[in-house]
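Q: Attaching a single structure in structure tokens format; questions to follow.
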Amino acid sequence: MAVIPVERKPLSLAERSYLPQIASGLKTTLKHFFRPNQTLQYPEERPTIPPGYRGVPTLVHDPAGREKCVSCQLCEFVCPPKAIRITPGQLPEGSGVEHVEKGPIAFDIDMLRCIYCGMCQEVCPEEAIFLQNQFSMSGYTRDEMVNHKDRLYELGGTLPDRFMKWDKKKAAAEQAPGHG
Amino acid sequence: MDFLLQLGPLTKVILKGIAVIAVMFPIAGACSMAERKVSAWIQDRPGPNRALPPWFAWVPVLGPILQRLGAFHLLADGLKFLFKEQQVPRHVNRFYFIAAPFVAMIPALTTVTVVPFGAYFDSAGHLIPLVLANVDVGLLAVFAVSSLGVYALILAGWASNSKYAFLGGVRASAQLISYELSLTLAVLPVFIWINAPGTAGTMSLARVVEFQSLPGFWGGTWFIFLMPVSALVFLISLFAETNRQPFDMPESESDLVGGYHTEYGAFKWSLFFVAEYSNMLVGSAVFTLLFLGGWNPLPWLSFATLSGWLGLGGHPLLAGLISLGIFLGKVLFLIFVFMWVRWTVPRFRYDQVMKIGWQRLLPLAIANLIVYAIAVAWIQR
């Protein structure tokens, strides 16, 4: 059972002459000759991006317009190629989000280092960094290839937030002071 | 037309030479474009379709069509080759390195002169072939001159002083010499057939076409039906002689980088390219004349009959153009077959090439020759 003997037939004269094989090959290529093109005319036509695509990492606002990043620097530490550099800072008094305490003063992602692994998105406790659909980055200098904070927010836009955890935290703290 | 005949012989020769260059270069260039397009379409791609000079972009319908066909890439390529830096590597033998592309061009353009490419009727109703030099040796001249083409490849490979180019040159010489034998033997039955004992012998290609335009069933048969084995052997040898896939051993870019022209660039490289396509054109033309009835529109329908129907007897220019069109159509179809095969069949291994040439095609060609010699002797007895 383990060994199945297969009879190997010697090649017939037609097979050895190779001409019928060439003829059938020519038939196949002729079929393709009249078939419509498979090519995506790239700059004019764009590919459809599948869900879950990992494009350029971006920062996002919540629906209230607050920047979600609290500069915990987890992404900076987890980033395998060390592409992320964050300068943390206090959120100013009177901005309405003082209870969040911290936000990034500067947030740079060096796209020449980024490997699009998505670990920053995975590790982020605030759901502030997302790898979104942009797949093509280009620039003339190394400096142009570093995405600064404003550019990151511009690319990221606003994403829905189901929890609004900082609002809930603020409300809880107001109702029961001392249990902060 | 009269003023042309009054010119001195030297002027006429120079004019004819310029005409050959002016016709062959663009056709060879167009073939290179066609090659890229055919390969693209066979691989389900659109192929080169971007280049568009601004003043052609304003032409409403024609402009976009030409753009999609990649016609301007042809001009762009040609200009690029012309204006690129003419690089000569330091390790080469300068004289032979520069001479090789020109040596490649000479046989490629010379063979065109003895190939008839059309016909017209003079006032007496005789069929006069359109040919630059209607010599009686015809095919012999084509073979004699075209076999010189291999020297260019050897010269290029040897002068390049590089192992890849050298190997390409060696392969080229071995391959071309091997297949020359089958090529020559394959056409002999045709000439045994048309040179009946007792008639004046000829090797003229125009004469072969005349034999394929005779009235009657056997007279009007194209030789491809009469001698299919000859045609097959000739076609396969033609592929080998013009270094086309699956026989492009001299170039075989996957194992030899670029083969004999590895060290070449810019215009010198493009001369090799044009020479290859000119060889293909002449080869296809010879195949058309020998086996596909030359300028006869259909088997058993001669050009004389067709022009009788259309009443072309009094219009030599029109008749010439129509016959030229029919002939060119066949030649271009054969060129398409060359490309079609190139993008279908993978390259043979070198030992397979030698085996096919010496152990298969040569015995087949010899057997074919003997069979037809006996058959013709028996029929014409």
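Q: Expressed as an acute angle from 0 to 90° and rounded to the nearest 10, what is the orientation of the C-alpha long axis of helix A:19-33 relative to the principal long axis of chain A?
A: 40 degrees
Q: Under 5 Å between amide H atoms, partner at least 5 residues away or on a different chain: which partners does B:Tyr120 have, H built in plane at 1.01 Å?
A: Amide H neighbours of B:Tyr120: B:Ile128, B:Leu130.
Q: May I ask you to derive the FRET efficiency for A:Met119 and A:Ala23 from their Cβ-Cβ distance with R0 = 60 Å, giving the value to the nearest 0.05?
A: Details: r = 55 Å, r/R0 = 0.92.
Efficiency at R0 = 60 Å is approximately 0.65.
Q: Work out from phi, with θ = phi - 60° and the Karplus expression 6.51 cos²θ - 1.76 cosθ + 1.60, the ³J(HN,Hα) of each residue of the stretch B:99-113, listed in order in whole Hz, and give x for Gly and Pro.
A: 5, 4, x, 6, 4, 5, 6, 4, x, 4, 8, 6, 5, 4, 5
Q: Oh, and also: Could you state the angle between the C-alpha long axis of helix A:165-175 and the longest principal axis of the C-alpha atoms of chain A, as a value from 0 to 90 degrees rounded to the nearest 10?
A: 20 degrees
Q: Which order, highest average first, do A:145-156, B:61-72, B:287-298 follow once you tally other Cβ atoms within 10 Å for each residue and take the mean per peptide? Display every interim value, and only then the final one.
A: Values: A:145-156: 17.4, B:61-72: 15.6, B:287-298: 24.6.
The most tightly packed comes first, giving B:287-298, A:145-156, B:61-72.
Q: Apply 1/(1 + (r/R0)^6) to the Cβ-Cβ distance of A:Glu127 and A:Arg35, taking R0 = 41 Å, and write down the FRET efficiency to the nearest 0.05.
A: Working: r = 46 Å, r/R0 = 1.12.
That gives a FRET efficiency of 0.35.
Q: For chain B, modelled as a GNM with alpha-carbon contacts under 10 angstrom, which of B:Thr110, B:Thr305, B:Thr184 fluctuates the most?
A: Result: B:Thr305 has the largest fluctuation of those listed.
Q: Which of the peptides B:45-51, A:60-66, A:45-51, B:261-267 is most tightly packed, and how do the rest follow, going by the mean number of other Cβ atoms within 10 Å of each residue? Could the numbers behind the result be given before it?
A: Details: B:45-51: 17.3, A:60-66: 15.6, A:45-51: 8.6, B:261-267: 21.0.
The packing order, highest mean first, is B:261-267, B:45-51, A:60-66, A:45-51.
Q: Something else now. Near B:Pro363, within a Cβ-to-Cβ distance under 15 Å, what is the net charge of the other residues, with Lys and Arg +1 and Asp and Glu -1? Write down the numbers at each step before the final one.
A: Values: positive: A:Arg16, B:Lys355, B:Arg360; negative: none.
Summing Lys and Arg as +1 and Asp and Glu as -1 gives +3.
Q: Among A:Glu93, A:Glu126, A:Glu67, which one shows the biggest mean-square fluctuation in a GNM of chain A, springs joining Cα atoms closer than 10 Å?
A: Residue with maximal mean-square fluctuation among A:Glu93, A:Glu126, A:Glu67: A:Glu93.
Q: Using Cα pairs under 8 angstrom and six or more residues apart, how large is the relative contact order of the stretch B:94-379, in percent? Intermediate values should be presented prior to the final figure.
A: Values: 440 pairs, mean separation 76.2, N = 286.
Worked out over the stretch B:94-379, it gives 27 percent.
Q: Using a 10 angstrom cutoff on alpha carbons, build the Gaussian network for chain A and name the most mobile of A:Leu112, A:Leu40, A:Leu131.
A: Highest fluctuation among the options: A:Leu40.
Q: Moving on. Show me the chymotrypsin sites (Phe, Trp or Tyr not before Pro) within the stretch A:1-92 that DSSP assigns to loop and that have at most 12 other Cβ atoms within 10 Å of their Cβ. The partial results should precede the final answer.
A: Details: sites: A:Tyr18, A:Phe33, A:Phe34, A:Tyr53, A:Phe77; in loops: A:Tyr18, A:Phe34, A:Tyr53.
Passing sites in the stretch A:1-92 are A:Phe34.
Q: On to the next question. Could you list, by residue number, the cysteines of the protein assembly as shown that have no other cysteine's beta carbon within less than 4.7 Å of their beta carbon?
A: A:Cys69, A:Cys72, A:Cys79, A:Cys114, A:Cys117, A:Cys124, B:Cys31
Q: Under a cut-off of 19 Å between alpha-carbon atoms, report the lysines in cross-link reach of A:Lys31, not counting same-chain residues fewer than 8 places apart.
A: The qualifying lysines are B:Lys37.
Q: Using the Karplus equation 6.51 cos²θ - 1.76 cosθ + 1.60 (θ = phi - 60°), what ³J(HN,Hα) coupling, rounded to whole Hz, does each residue of the stretch A:94-111 give in order, writing x for Gly and Pro?
A: Ordered by residue, 3J(HN,Hα) equals x, 8, x, 10, 4, 5, 6, 6, 10, x, x, 7, 9, 9, 10, 10, 7, 6 Hz.
Q: Still on this structure: If each of B:Ala22 and B:Arg360 carries a label point 7 Å out from its Cα toward its Cβ, how far apart are those two points in nm?
A: Result for the modelled spin labels: 4.5 nm.
Q: Another question, if that's okay. Let me know the mean shielding of B:41-50 by other chains, meaning the per-residue number of their Cβ atoms within 10 Å of its Cβ. Show your work: numbers first, answer last.
A: Numbers: counts 7, 8, 6, 7, 4, 5, 2, 0, 2, 1.
Other-chain Cβ atoms within 10 Å of each residue's Cβ, averaged: 4.
Computed from the coordinates by the stated procedures, all read-outs in this text should not be read as laboratory data. If you're wondering where the values come from, they're calculated on a predicted model, not measured in any experiment. Cβ: placed from backbone, ideal geometry, glycine included. Neighbour counts: every protein chain shown.
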